[in-house]
Amino acid sequence: MLKEELKSKVDNILEETLIIIKPDAVRKKVVGKILDKFESNGFKIKALKMMHLDEQKAREFYSIHKEKPFFEELVRFITSGPVVVAIIEGGDSIKRVRELIGDTNPAKAEEGTIRREFGTNVTMNAIHASDSYESFIREAKVIFSDNYC
């Protein structure tokens, strides 16, 4: 019983995570629908801005992928149009947001997930979300230039 109570308390600790609604979703005009999915699942939007990532910021943001073969394509894509960046807050938000967005490949993502509903392929998959607290801090600093963290 104590273990279950502790798990429940840990799951309810508020944490923040970062999402980027990618250019493909902005072009499809589904930003509102995507943000609504977060709010209807109990998340709070703490910060929100539309911006155009320049190449330098994109390379810094995706620097963890710089040695991977898809890196250049990813940089080209994320800089191809405006993106919407948000800081999302909620209980166990990093894990829960990752579940809500679904698999990187929309074809493999579960029904009801954001990528399944709005994504096209592995690159144009509608949304990015931080995968850890450390990633959130690094990514938020790139996007918000130390004005948030």
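Read the figures in this text as sums done on the coordinates, not as results from a lab. Quantities reported herein were computed from a predicted structural model and do not represent experimental measurements.
Over the chain, dividing the summed -39,500 (n - 2.57) contributions of all DSSP H runs of at least 4 residues by the number of residues returns a 222 nm mean residue ellipticity of -12000 deg cm²/dmol. A straight chain from F77 to S40 at 0.36 nm per residue would run longer than the Cα-Cα distance by 10.4 nm.
For the chain, the longest principal axis of the Cα atoms and the long axis of helix 31-40 meet at an angle of about 10 degrees. For the pair T104 and E89 in one chain, pulling the backbone fully straight at 0.36 nm per residue adds 3.2 nm over the alpha carbon distance.
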